[in-house]
Amino acid sequence: MDKKKVNISISIKDIKLSSCIMNASGAICTTEKELNDLLKSSSGAIVTKSCTFFPRKGNVKPRYFYCEYGSINSMGLPNLGIDFYLDFLEKNKTEKPIFLSISGLSIEENCFLLKKASLSSKVTAVELNLSCPNILGEEEIIGYDFYKLSYFLKEIFKFYKKPLGLKLPPYFKEIHIKNVAIILNQFPIYFVTCINSIPNGIFVNSTTESVVIYPKKGFGGIGGLSIKPFALANIRLFHLYLRKEISIIGCGGITNGVDIFEHILCGASAVQVGTQFIEEGISIFDRLKKELISILEKKNYSSIDNFKGNLKDLV
Ligand SMILES: Cc1cc2nc3c(=O)[nH]c(=O)nc-3n(C[C@H](O)[C@H](O)[C@H](O)COP(=O)(O)O)c2cc1C
């Protein structure tokens, strides 16, 4: 039998991605060189490092650590400031969709950043990071405060008319995801990206009997291999509860083509890769693309839509 021609392009409303695979915010996407490398790569889109109004140096190093079961980080949002990212985009002619990640330290700062971003024709969409500690001071994650989340989105959509995606924290109960979806379904959101790092983990070095990163006495956000089941569960439930017009970008624990296939089966339209991209470098996008295409060929699927969200229960 002839093999079907496999196509891994996708659309998020009117945004077209030639490949469903892209980097996650914070993974090698901060400097001009890093962004240029991403532009030249086979990723389907680029997500920038989450930016603030002023450039930030971030936390004291060591602030990132990797081992075989994943990564821990407490970066403290080191970034070059929104003007750097908007200038970079202005200088570059590219067909590739650009998602500008923003992560203001207050609701007011986020509104200001969104207004600035909406003036640029080069920003395809903003990915608003609602899952970063420090956003409201006192280590609060806005995605965990449903009242503030609802208020914040009402404020934003009074003036923001361009494509908007939300980077969500991981949720651990179905009722929380249902309630967040009820809020999000009221707004013209393009996509959600789930999940951000799982907050408040600790890695221990048993040889030195110490933590492995310096900030916050070793506590940090967990990414990589060990968070995949939580990412899949969040995608699965958001796929169930969100309006179908809101796309899901899966993120968490992707290291190979099978992981991507699983994210899409749970309901993701596209995926982002963080920890594994940091560890492997820019060639990862060619490898993942090849692996995903090979899986689809073996299963005789010709597009992402053939199996998106079709995860089966055991009967
Ligand atoms: C070093 C590092 C920096 C990160 N910085 C950001 C960031 O600036 N904004 C953001 O939304 N997520 C950030 N993240 C979270 C990732 O985008 C991603 O959600 C998380 O790492 C899970 O994906 P992974 O399992 O592929 O690593 C960062 C993650 C790491 C490891």
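The values are calculated or read from the model by the stated rules, or taken from the named source; none is laboratory data. Computed from a predicted model, the values in this text were never measured in an experiment. All Cβ positions, glycine included, derive from the backbone under ideal geometry; neighbour counts span all protein chains shown. Surface accessibility is based on the protein's heavy atoms, side chains included, excluding ligands, DNA and RNA. Shrake-Rupley method; radii C 1.70, N 1.55, O 1.52, S 1.80 Å.
A few remarks follow.
- Note on Ser118/Asp313: beta-carbon distance plugged into 1/(1 + (r/R0)^6) with R0 of 45 Å gives a FRET efficiency of 0.60.
- Close amide H partners of Phe307, meaning residues 5 or more places away or on another chain with modelled amide H under 5 Å apart, do not exist here.
- According to the Cα-based calculation, Rg over Rh for the range 1-82 is 1.11, with Rh computed by the Kirkwood formula.
- Helix-only arithmetic for the chain: the sum of -39500 (n - 2.57) across DSSP H runs with n ≥ 4, divided by the residue total, places the mean residue ellipticity at 222 nm at -10000 deg cm²/dmol.
- Highest average packing first - 148-154, 46-52, 77-83, Cβ atoms within 10 Å: 46-52, 77-83, 148-154
- Whole-Hz Karplus values for the range 183-195 come out as 5, 5, 4, 7, 10, x, 7, 7, 7, 10, 10, 9, 10 Hz, taken residue by residue from phi with 6.51 cos²θ - 1.76 cosθ + 1.60 and θ = phi - 60°; glycine and proline positions read x.
- Cross-link pairs Lys162/Lys312; Lys16/Lys178; Lys96/Lys178 - those with Cα-Cα distance over 30 Å: Lys162/Lys312; Lys96/Lys178
- For the range 185-308: rounded, prolate or oblate by the Cα gyration tensor [a/c cutoff 1.5]: oblate
- Longest segment of the chain lacking GluC sites (Glu not before Pro) that sit in a DSSP loop with at most 15 other Cβ atoms within 10 Å: 246-315
- Each Cα pair of the chain feeds into the Kirkwood radius, which the Stokes-Einstein equation turns, at 4 °C and 1.567 mPa s, into a diffusion coefficient of 66 µm²/s.
- For the range 86-93, putting each phi into the Karplus relation 6.51 cos²θ - 1.76 cosθ + 1.60 with θ = phi - 60° gives couplings of 5, 5, 4, 5, 4, 6, 10, 8 Hz, in residue order, rounded to whole numbers and with x for Gly and Pro.
- Over the range 193-241, volume per residue of the alpha carbon convex hull, in Å³: 80
- Relative to the current alpha-carbon distance between Lys16 and Leu240, full extension at 0.36 nm per residue lengthens the span by 78.3 nm.
- Rolling a 1.4 angstrom probe over the range 217-293 with all protein chains present gives an accessible area of which 65% lies on carbon and sulfur atoms.
- Using only alpha carbons, the range 158-247 has a radius of gyration to Kirkwood radius ratio (Rg to Rh) of 1.11.
- Point-charge dipole on Cβ atoms (K/R +1, D/E -1) for the range 67-173, about Cα centre, debye to 20: 600
- Rounded to 5, percent antiparallel among DSSP beta bridges of the chain: 35
- Using the Karplus relation 6.51 cos²θ - 1.76 cosθ + 1.60 with θ = phi - 60°, the per-residue 3J(HN,Hα) values for the range 7-22 come to 10, 10, 7, 9, 10, 10, 6, 8, 8, 9, 10, 6, 9, 7, 10, 9 Hz, with x marking Gly and Pro.
- Å² per residue, accessible surface of the chain at 1.4 Å: 46
- A crude spin-label estimate for the pair Asn306 and Phe54, with each label 7 Å from Cα along the Cβ direction, gives 5.3 nm.
- For Lys167, the residues whose modelled amide H falls within less than 5 Å of its own, excluding neighbours fewer than 5 places apart on the same chain, are Leu128, Asn129, Leu130, Thr193.
- Only Cα pairs under 8 Å and 6+ residues apart enter the sum, and on that basis the relative contact order of the chain stands at 21 percent.
- Whether the range 215-267 is rounded, prolate or oblate, judged on the alpha carbon gyration tensor where a/c under 1.5 counts as rounded: oblate
- The Cα center of the range 129-207 and the Cα center of the range 16-32 differ in position by 20 Å.
- Cα gyration tensor category, rounded, prolate or oblate, for the range 113-189 with a/c compared to 1.5: prolate
- Thr94/Lys298 FRET efficiency (R0 22 Å; Cβ-Cβ; nearest 0.05): 0.10
- The amide H of Asn23, built 1.01 Å from its N in the peptide plane, has Ala45, Val47, Val273 as neighbours under 5 Å, considering only residues 5 or more places off or on other chains.
- Debye intensity ratio in log₁₀ form over the Cα atoms of the range 9-132, taken at each q of 0.15, 0.17, 0.18, 0.23 Å⁻¹: -0.70, -0.89, -0.99, -1.44
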